[in-house]
Amino acid sequence: MEFENFIKLRTNNFRQKEMKKFKIVTFGCQMNEDDSNSIRNFLLNLGAEETKDSEKADILIINTCTVRQHAEDKAISLVGTLKKWKTREKKIIFSGCAAQRIGNGFKKKFPYIDYVIGAKSYNRIYDILLEEMGGKDNKNTEIKKEKKVFDYETILRGCDLKCSYCIVPYVRGNETPKSFKEIIESVKNKASEGVKEIILLGQTVNSYRDKKEGKDFTDLIREISRIENIKIIRFLSPHPLFFNSKFFDEYEKNPKISRWIHLPLQSASDKILKSMNRGYDIKKFKEIVGTLRNIDSKTSITTDIIVGYSDETKDDFKKTLDAVREIEFSGVYCFKYSPRFVNKNPLTITKEELEKRHNILLDEVKKIAKKILDRKVGSIEDVLIYSKKFGKTNTGYNCCIIDNKELKDDFLKVLITEVKNNTLYGRRYDEKR
Ligand code: SF4
């Protein structure tokens, strides 16, 4: 059953007797954000009220991440603080990837947790919430939905690849795509509610395929761009393995495809890439970047890098540093390697060395990002308007518009005049998109 219909069916004529309050705490990636949004809408549909104050919440949902040990530790330490908060009436739901990894054993450690729902049985949370909300008194609750300029759309869950450091395929399972029709319908709904920028999500988002319909990722982008109100289509995170000439042709023809591409590199040493089981080498990665920038020289590339992966030598790290300088990423999420599997690919450098390499990379990334931003002064950028005087360039930068006139258009061409605190400032340029 299509997910939106599933939600409608489950919440239809089902209103709670007393107004319950809920709070959602989300850790990790945008996919978790998207899942939390679905849970939020589901509860709002049932007439519950969201609160930011844990003290006032009747239901606390902790949507967790396990990609790095640190993320998991943060969620666990939050649970540790809830013992005093917990009463028989107040419910704690521990969901998501860490819940999947740790499983029900978690309840032994924290018996006051009511439910542990792993990422693979994500839909079970709706049955539990229905039960917890209770009652069939049909209050005609008015749902106040936050008006959003951008929204996420998860198009596939899970991953068929097995990068050696990554726990995701084990906690989220194999790749499961949504149907082409369901995605289009959902994006149309979002567009009719005012969404202008849609961010497609998937662990390897560009491997998307609806086999039944014979549609792939590029077909999906093309179809979404036909939805008039959608002005920008972004996607997270593509994998270098799944770029192809069909996509590049579309990138050339279709101005709705965001010019901000987040393309995870992880390391620029071929030895390390091989050991990570990433399936590409640095040459292939640079070719993709080159093709994107040949098509549109403004293309802004950001990336993920893991510092200090097992057996990373000083020379391997230098290769990564050199590539960061050469490619000129406009942003890099730098992660310190955190082994997720016992007896497999252990950390082979000291914590001090790991810290040192991480800091060196961060410094370099900051310098490059500043250089790129400074070069923007004098350029004309396409800016999607988010609010009265604020927008985002289609290359992913925040932009304040110094202009007295109210901003009515969706898109403006803006002449950048200044850069302050990683934000561009500019004036309306006299030409409509
Ligand atoms: S492609 Fe991404 S999600 Fe899949 S195994 Fe590799 S790092 Fe993990």
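Any read-out appearing in this document is the output of simple, stated calculations on the displayed coordinates, not a laboratory observation. In this text the structure is predicted, and so the values were computed from the model without any measurement. Here the Cβ is made from the backbone with ideal geometry for all residues, glycine too, and neighbour counts use every protein chain on show.
Picking from 381, 213, 197, which is most flexible by a Gaussian network model of the chain using Cα springs under 10 Å?
213
If you take the beta carbon distance between residue 270 and residue 25 as r and set R0 to 56 Å, what does 1/(1 + (r/R0)^6) give as a FRET efficiency, to the nearest 0.05?
0.90
In whole percent, what relative contact order does the stretch 38-181 give with Cα contacts below 8 Å and a gap of six or more residues?
22
When the chain is fully extended, how far beyond the present Cα-Cα distance does residue 370 get from residue 89, taking 0.36 nm per residue of separation?
Stretched fully, the residue 370-residue 89 segment lengthens by 96.0 nm.
Quickly estimate the mean residue ellipticity at 222 nm for the chain, helices only: each DSSP H run with n ≥ 4 gives -39500 (n - 2.57), and the total goes over all residues, rounded to 500.
Mean residue ellipticity at 222 nm (helix-derived): -10500 deg cm²/dmol.
Any chance you could run the full-extension gain for residue 176 through residue 73? It's 0.36 nm times the residue separation minus the Cα-Cα distance, nm to one decimal.
34.3 nm
Once you list every other residue whose beta carbon is under 13 Å from the beta carbon of residue 377, what net charge do they have if Lys and Arg are +1 and Asp and Glu are -1?
Around residue 377, the surrounding residues sum to +3.
Per the Kirkwood treatment, what hydrodynamic radius in Å, one decimal, follows for the stretch 50-131 from the mean inverse distance over all distinct Cα pairs?
After inverting the mean inverse Cα-Cα distance, the result is 12.9 Å.
Given springs between every Cα pair under 10 Å in a Gaussian network model of the chain, which of 308, 378, 28 has the largest fluctuation?
Judging by the Gaussian network model, the answer is 378.
Which whole-number percent is the relative contact order of the chain (Cα, under 8 Å, 6+ apart)?
Relative CO of the chain lands at 10 percent.
Once Lys and Arg get +1 and Asp and Glu get -1 on their Cβ, which of 303, 385, 71 lies farthest toward the positive end of the dipole of the chain?
Ranked along the dipole, the leading option is 71.
Treat the count of other C-beta atoms within 10 Å as a stand-in for reagent exposure and order 239, 70 from fewest to most.
70, 239
In what order do 29, 400 fall by count of nearby beta-carbon atoms within 10 Å, going from fewest to most?
Fewest-to-most ranking of 29, 400: 400, 29.
Just to be sure I understand the model, the point goes 7 Å from the Cα along the line to the Cβ. What's the resulting residue 123 to residue 405 distance in nm?
5.0
Over the Cα atoms, compute the radius of gyration (one decimal) and Dmax (the largest Cα-Cα distance, rounded to a whole number) for the stretch 203-301, in Å.
14.2, 46
How much net charge surrounds residue 174 when only other residues with a Cβ under 14 Å from its Cβ are counted (Lys, Arg +1; Asp, Glu -1)?
With Lys, Arg at +1 and Asp, Glu at -1, the neighbours total +4.
At a 10 Å Cβ-Cβ cut-off, how would you order 395, 176, fewest neighbours first?
The fewest-first ordering by Cβ neighbours comes to 176, 395.
Please report the relative contact order for the stretch 380-428, taking Cα pairs under 8 Å with a sequence separation of at least 6, and give it as a percent rounded to a whole number.
Rounded, it is 37 percent for the stretch 380-428.
Cβ under 12 Å from residue 80's Cβ, residue 80 left aside: what net charge do those residues give with Lys, Arg +1 and Asp, Glu -1?
The answer is +4.
Dipole magnitude of the stretch 148-258 about its Cα centre, charges +1 at Lys/Arg Cβ and -1 at Asp/Glu Cβ only, in debye to the nearest 20?
100
Would you kindly enumerate the cysteines in the chain that have no other Cys beta-carbon under 4.7 Å from their beta-carbon?
Lone cysteines by the Cβ rule: 29, 65, 97, 159, 334, 399, 400.
Could you give me the percent of Cα pairs per 5 Å distance bin for the stretch 325-433, shortest bin first, beginning at zero and ending with the bin that holds the maximum distance?
Distribution as computed: 2, 11, 19, 15, 12, 10, 8, 7, 6, 5, 3, 1, 0 percent.
Label residue 338 and residue 107 with points 7 Å out from Cα along Cα→Cβ: what is the distance between them in nm?
Here the modelled spin labels are 2.7 nm apart.
Taking every eigenvalue of the Cα gyration tensor of the chain, multiplying by 5 and rooting it, what semi-axes result, largest first, whole Å?
The three semi-axes for the chain are 36, 30, 21 Å.
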